[in-house]
Amino acid sequence: MPHLNTLLGTLHPEEMGMVAVREHILWGSSGWEFDPRAWPRIAKVFEKSFNELLDFKLLGGQTFVECSGIGAGRDLDFLVKLTAVTGVHVVASTGFWSDAHTPAHFRRYGADDFARLFTHELTVGIGHTRIKAGVISVGNGAGGMSELETAIYRGAVRAAKATGAALITHGIDTARRQIKIFQEELLALPRVVFGDCDRIIDLERDRWLAGLGACVAYDNVGLEAWSDLPYAMPDQWRAELVAQMVASGHGESVMLSAGSKVANLGRGGAHLSNVGNLLRYFVPELEKAGVAQEAIRAILVGNPKRVLPIQRDSAGGAA
Amino acid sequence: MSEIATLTGMIAPEALGIVAFHEALLFGRPGWQHAPDAVFDRAEAFERILGELAAFRKLGGRTIVETSGIAMGRNVPMYRRLSELSGVNIVSTTGFVSQERSIPAHFCLIGYFYRGHGPFQWKRAIPGSPAPSHVGTKEYMMFLFYNELTEGMAGPAMIRTTSKAALVRCGSGDAEITIAEQQAIRGAAMAARKTGVPVFSDGVSQVERQFELLTAEGLPPGRIVIGHCDDGRAVDVSRDMKYAAIGAWIGYDHIGWETRPAPHAMPDGQRAELVKKMVDAGHADRVVLSCSAIGYGLGMPATRHGYSHLLESFVPRLAKAGVGERALHTMLVENPRRILTPVEPTDKDADRLHEFAQGFRLPMKGS
Amino acid sequence: MAHVNTVMGAIHPDELGPTATHEHIVWGPPGWEHDPEWWFHYPQVFAKCLAGLVEYRELGGRSIMCCSGIGLGRDVEFYRMLSKYSGVNIIVPTGFWAAAGIPNHFLGKSIDYLSDMFVGELTDGIGNTGVRPGFIKVGIGRTMTPGDEMLHRAAARAAKRAGVPVVSHGAWEALKVLEILGSEGMDLSRVIISHCSHGGAIDPVRDRKVASMGAWISYDSFTVTNTSAVTHYAHPDEKRAEAVKQMIDAGFMHRMLLSSDNNLFSLGWMRSSPYVGKATQADFLRSTPGKLRRIGISEEIFWKILTENPKQVMAIQ
């Protein structure tokens, strides 16, 4: 039966409600825990996370996918407690973001080792617990896909096929390379979400990906308001992108998120994106761009419900 | 105030349709979360209950009264979604049943830990009560229920939902009524008087004493449903007729519980006879029917029969036994509607109480 | 190999360091979560508990035994966060408080069910967390009820199978507790009789008897002196210091544990205490050495009792 693995156990897809598909609570590159300057004031971070999740919830959000993955700040205890005291369904992810976010220990892993690790976290539990990850989240840094990243992608694909979990990728500049890997590994694209599609604007690419059956996520909503990052584009552009995708019949392939990082560990100052802003500011922006209510609802509720849950076909293989 | 609170909002009494008056969706004794033998697969539970509700709806059922009360697994957000998807109205309940099964220690440890000392003591002291504060009193229980009836039921994660309860549950064990149960029973009656909702009581071997306690708090018999009258250990049709005659409601609500080891099991055939006798004696307008089906057991098995058992098997059985259409309609549709429709509150203090029951917020540093 | 189970994993007994052996990070009878009267702002409670533990560590404490049992506040993820960010080892129990505080689900369960459950947690971990408890906690009400006796029997059977100590909240009926545990074949040197310094429970004669039978005496209510708050166990610390001195003089320094039985936060009771006005484990480390020094017990002995004794009783063999 399709279900979403949250940190408190399984969840029926019908209970997912509005979903933010790619957010972070704690976020740091591998090794942050050895740098005292990166250590969070954890009680403050907890309070801030609590407030942001409740804000999201009061605006109607119900499910929050934490994409930090292994070693990059995913703190299981923190997340379990957070979901238990806010009532927001929090989903943990397995996977490694990129070369830079992969702890040295895992650098000797091959694709199959990664697949085993991810599969274990998805089916048995994370670490010594029996608390399961819900999605696979992998990515690559800027400037192509390194050998290690290729192995991570391949491991992720194999784990996705073995478990029926959805795969969220980050690193849109390698979209073609990713597609090639998925095709080589025979992964069905409807279970893949290409994140960061609003880092490099390319409507043709997004339509191409959607045409292949994959999902595209515009997951840096609200970045422009505070960031001078080169890819911090105005929400208005993002809304227009969505409108154009919907207009060309690709509304079924769009997902949204704020890409917030409640604690940006040792990475130069605060990250001010906020998951609540997705619903507070961006949804009106979409309406302004002419996206119909039903289409917005499909993007926030219907698409994640279709794509994110763990799904297997009747033979026990990945659907 | 003649609308009825369901999990998806207030509805007109006419919209209730056929009602199963006493069912459970998730069901477990408080503390099941800690038991190694309890498995809660929420997705599976959702799927299963959704199936049950759909089957009930397909047979013509429109409303389920979910009577598990405060601490027995009630999950308001989940139930609300189930109601939306299945199209079955779900009416939910505040209150407790017996102490052993449902009142957690927090509500029972009277005066042992709960000393209302410090700046708050005077605020909630009950005039004339020897207790230093209102904790461990019937008033405490009343506040608890009253808030769930008027503000919304407590949800998981320390969040009060916006869904209001529409009746109060109370009950007792078989051998005696404990102090905590007394407080809950009296508190239920008080809350019911202040809001106009009915009380559903169970623990039929103590029915007399329970009825006394409820009426002693000023609740009229017409607002009391005596549940579990088809408890196999305590069947007594003359008792049922006696209470029906004074205007109370009789619940035959364990339909389908036919086999041991359930201690209250009894064949449905005997239940049908009971109902027939009541109908023949002219008490059809005092009887409600239900199955006490458990959709998903938390640390206990679910029932083999579902919510649809009532309409699928028991109603045809009654028809065969000679209970007429008219009487069936009365028991399945009209009676529940008359019970659940809130009456004018009989406790005129309700407005002032509302302010009082809002309580006060903890003064927190830095806020 | 001898080890102690903490929420962050097993450690060597020598790693325990100064340990307060009967504390509560959070504690409350089950069911408070259904009662909006007592709800609280979780981040604030986290901040308070974290600050309390950090302060405890700064004053020399290294480990804490949180005696909140199943359904009574024990919260593994919460404690792991606290342990990770304060550096204090936290040891949690399996088991309950008295029968009066058992979650309803477990009422009427048999001794075997309970002892199997305790062993299950001690070997496979608590729930799905994989965290193993370090001891078994049971208790009595004001007297030993049949339910309390059942709990003690279950604890003894589980302790024998898993090699862990038993903490009994039972000073008021200490000899009966020992009799029951002993009759189940439990090694009394793995038994801690808690609350021997509660007001109304102080009894040096009993303590010497219990110690001479090989069990541990726990003087664990230091700093709880405010009789307007918790009348049934508040008491002047001087009286407790006196009891400690008598035990040392009688040669039982190695059968004694010291602690303060404070909650960093109370769940569902003690309305005025959560945010202000109550002692913490840090206060215990701050104030108790002075109380002892005044009657001739050096600070060195205080720290020695805090360090050496828990190491012996807590090691899982």
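The values are calculated or read from the model by the stated rules, or taken from the named source; none is laboratory data. Computed from a predicted structure; not experimentally measured. Cβ sites come from the backbone with ideal geometry, for glycine too, and all protein chains shown count toward neighbours.
Report whether or not A:ARG37 is part of a helix (DSSP H, G or I), more than 14 Å from every other protein chain (Cβ to nearest Cβ) and in contact with a helix residue (DSSP H, G or I) (Cβ under 9 Å, 6 or more places away or on another chain).
Details: part of a helix (DSSP H, G or I): yes; more than 14 Å from every other protein chain (Cβ to nearest Cβ): yes; in contact with a helix residue (DSSP H, G or I) (Cβ under 9 Å, 6 or more places away or on another chain): no.
So A:ARG37 fails the test.
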- Message: Given the criterion more than 24 Å from A:GLY60 (Cα to Cα), modelled with pLDDT under 95 and not polar (S, T, N, Q), identify the matching residue among A:ALA232, A:ALA225.
- Response: A:ALA232
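Residues checked against (1) closer than 24 Å to A:ASP196 by Cα; (2) assigned to a helix (DSSP H, G or I):
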{"position": "A:ASN51", "(1), (2)": "no, yes"}
{"position": "A:PHE64", "(1), (2)": "yes, no"}
{"position": "A:ARG74", "(1), (2)": "yes, no"}
{"position": "A:LEU122", "(1), (2)": "yes, yes"}
{"position": "A:ALA133", "(1), (2)": "yes, no"}
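For segment A:184-303, list the strands (runs of 3 or more DSSP E) that sit wholly inside it and hold at least 3 residues that are under 16 Å from A:VAL21 (Cα atoms) and hydrophobic (A, V, I, L, M, F, W, C); which are they? Steps first, answer last, please.
Working: elements: A:192-194, A:215-218, A:254-256, A:261-264.
Of the strands (runs of 3 or more DSSP E) lying wholly inside segment A:184-303, those with at least 3 residues that are under 16 Å from A:VAL21 (Cα atoms) and hydrophobic (A, V, I, L, M, F, W, C) span A:192-194, A:215-218, A:254-256.
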- Query: Quick one: would you say C:GLY101 is in contact (Cβ under 8 Å) with a residue 12 or more places away in the chain, in contact with a Pro (Cβ under 7 Å, 6 or more places away or on another chain), surrounded by 24 or more Cβ atoms within 10 Å (Cβ to Cβ) and more than 15 Å from C:PHE265 (Cα to Cα)?
  - Reply: yes
- Message: Among the residues of segment C:72-81, are any of a type outside the set (A, V, I, L, M), away from chain B (no Cβ under 13 Å) and not in a helix (DSSP H, G or I)?
- Response: no
- Restricting segment B:1-49 to residues that are without any contact (Cβ under 8 Å) to a residue 40 or more places away in the chain and closer than 18 Å to B:GLU84 by Cα, which is surrounded by the fewest Cβ atoms within 10 Å (Cβ to Cβ)? B:ALA12
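On the given criteria, is B:ALA154 buried (at least 20 other Cβ atoms within 10 Å of the Cβ) and within 10 Å of another protein chain (Cβ to nearest Cβ)? I'd like the intermediate steps shown before the answer.
On the way: buried (at least 20 other Cβ atoms within 10 Å of the Cβ): yes; within 10 Å of another protein chain (Cβ to nearest Cβ): yes.
Judged against the criteria, B:ALA154 is a match.
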- With the checklist (1) touching a helix residue (DSSP H, G or I) at 6+ places or on another chain (Cβ under 7 Å); (2) crowded, with 22+ Cβ neighbours inside 10 Å; (3) more than 14 Å from chain A (Cβ to nearest Cβ) in hand, flag the one item C:VAL119 doesn't pass. (2)
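Listed here are the residues, each with its yes/no results for (1) farther than 29 Å from A:PHE50 by Cα; (2) free of Cβ contacts under 8 Å to residues at least 24 places away in the same chain; (3) among the polar types (S, T, N, Q); (4) surrounded by 20 or more Cβ atoms within 10 Å (Cβ to Cβ).
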{"site": "A:VAL221", "(1), (2), (3), (4)": "no, no, no, yes"}
{"site": "A:SER260", "(1), (2), (3), (4)": "no, no, yes, yes"}
{"site": "A:ASN277", "(1), (2), (3), (4)": "no, no, yes, yes"}
{"site": "A:ARG280", "(1), (2), (3), (4)": "no, no, no, no"}
{"site": "A:VAL283", "(1), (2), (3), (4)": "no, yes, no, yes"}
{"site": "A:VAL291", "(1), (2), (3), (4)": "yes, no, no, yes"}
{"site": "A:ARG297", "(1), (2), (3), (4)": "no, yes, no, no"}
{"site": "A:LYS305", "(1), (2), (3), (4)": "no, no, no, yes"}
- Item | Failed item in (1) surrounded by fewer than 24 Cβ atoms within 10 Å (Cβ to Cβ); (2) part of a helix (DSSP H, G or I), with B:LEU310 passing the rest | (1)
- Task: Go through (1) part of a helix (DSSP H, G or I); (2) more than 11 Å from chain B (Cβ to nearest Cβ); (3) surrounded by fewer than 20 Cβ atoms within 10 Å (Cβ to Cβ); (4) of a type outside the set (Lys, Arg) and name the single condition C:MET1 misses.
- Result: (1)
- Task: Name, by its number, the condition in (1) farther than 18 Å from A:GLN178 by Cβ; (2) under 19 Å from the mean Cα position of the chain (by Cα) that does not hold for A:LEU54.
- Result: (2)
- Message: Take C:TYR56 and tell me if it is within 14 Å of chain B (Cβ to nearest Cβ) and in contact with a helix residue (DSSP H, G or I) (Cβ under 9 Å, 6 or more places away or on another chain).
- Response: no
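For residues that are assigned to a loop (DSSP other than H, G, I, E, B), away from chain B (no Cβ under 14 Å) and closer than 22 Å to A:LEU82 by Cα, scanning just segment C:4-49, find the one that is nearest to the chain's Cα centre (by Cα).
Just the residues of segment C:4-49 that are assigned to a loop (DSSP other than H, G, I, E, B), to begin with: C:7-8, C:12, C:16-18, C:28-31, C:35, C:39-41.
Retained after the next criterion (residues that are away from chain B (no Cβ under 14 Å)): C:7-8, C:12, C:16-18.
Next, from what is left, pick out any that are closer than 22 Å to A:LEU82 by Cα: C:7-8.
Numbers: C:VAL7: 15, C:MET8: 18 Å.
Top of the filtered list is C:VAL7.
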- The one condition in (1) surrounded by 21 or more Cβ atoms within 10 Å (Cβ to Cβ); (2) farther than 20 Å from C:ASP283 by Cα; (3) touching a residue at least 40 places away in the same chain (Cβ under 8 Å) that C:GLY61 fails to fulfil: (2)
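Which ones in segment A:89-120 are among the basic types (Lys, Arg), modelled with pLDDT of 95 or more and either in a loop (DSSP other than H, G, I, E, B) or within 16 Å of A:GLY71 (Cβ to Cβ) (or both)?
Quick first cut of segment A:89-120, residues among the basic types (Lys, Arg) only: A:107-108, A:116.
When the remaining residues are screened for being modelled with pLDDT of 95 or more, the result is A:116.
None; the set is empty.
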- Message: Out of the residues in segment A:63-120 meeting the condition of being more than 14 Å from A:THR150 (Cα to Cα) and among the acidic types (Asp, Glu), tell me which one is surrounded by the most Cβ atoms within 10 Å (Cβ to Cβ).
- Response: A:GLU66
- Task: For segment B:1-71, please list each of the strands (runs of 3 or more DSSP E) lying entirely inside it that holds at least 1 residues being away from chain C (no Cβ under 14 Å) and in contact with a helix residue (DSSP H, G or I) (Cβ under 6 Å, 6 or more places away or on another chain).
- Result: B:4-6, B:18-27, B:61-66
- Some residue of segment C:83-92 being within 14 Å of chain B (Cβ to nearest Cβ), touching a Phe, Trp or Tyr at 6+ places or on another chain (Cβ under 7 Å) and in a loop (DSSP other than H, G, I, E, B): yes
- Within segment B:308-346, the residues that are in contact with a Leu (Cβ under 7 Å, 6 or more places away or on another chain), within 28 Å of B:ALA192 (Cα to Cα) and of a type outside the set (A, V, I, L, M) are B:PRO336, B:ARG337
- Evaluation of A:GLY87 against (1) more than 14 Å from every other protein chain (Cβ to nearest Cβ); (2) under 27 Å from C:TYR85 (Cα atoms); (3) not aromatic (Phe, Trp, Tyr) (one fails), failing number: (1)
- Kindly indicate whether any position in segment C:276-299 is at negative phi, in a strand (DSSP E or B), in contact with a Phe, Trp or Tyr (Cβ under 8 Å, 6 or more places away or on another chain) and modelled with pLDDT under 95. no
- Message: modelled with pLDDT under 95 and facing another protein chain (nearest Cβ under 8 Å): which single residue out of C:GLY108, C:GLY125, C:GLY141 fits that description?
- Response: C:GLY108
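Condition test on A:ALA162, is it over 20 Å from A:SER257 (Cβ atoms) and either assigned to a loop (DSSP other than H, G, I, E, B) or not aromatic (Phe, Trp, Tyr) (or both)? Even if it seems obvious, please write down each step before you answer.
Values: over 20 Å from A:SER257 (Cβ atoms): yes; either assigned to a loop (DSSP other than H, G, I, E, B) or not aromatic (Phe, Trp, Tyr) (or both): yes.
Here the answer is yes, as A:ALA162 does meet what is asked.
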- Query: In this structure, is A:LYS57 crowded, with 19+ Cβ neighbours inside 10 Å and part of a helix (DSSP H, G or I)?
  - Reply: yes
- Query: Give me the pairs: first residue in segment A:7-31 and over 28 Å from B:VAL39 (Cβ atoms) and more than 14 Å from chain B (Cβ to nearest Cβ), second residue among the basic types (Lys, Arg) and in a strand (DSSP E or B), beta-carbon distance under 9 Å, and six or more apart or on different chains, which are they?
  - Reply: A:GLU23/A:LYS261; A:HIS24/A:LYS261; A:ILE25/A:LYS261; A:LEU26/A:LYS261; A:TRP27/A:LYS261
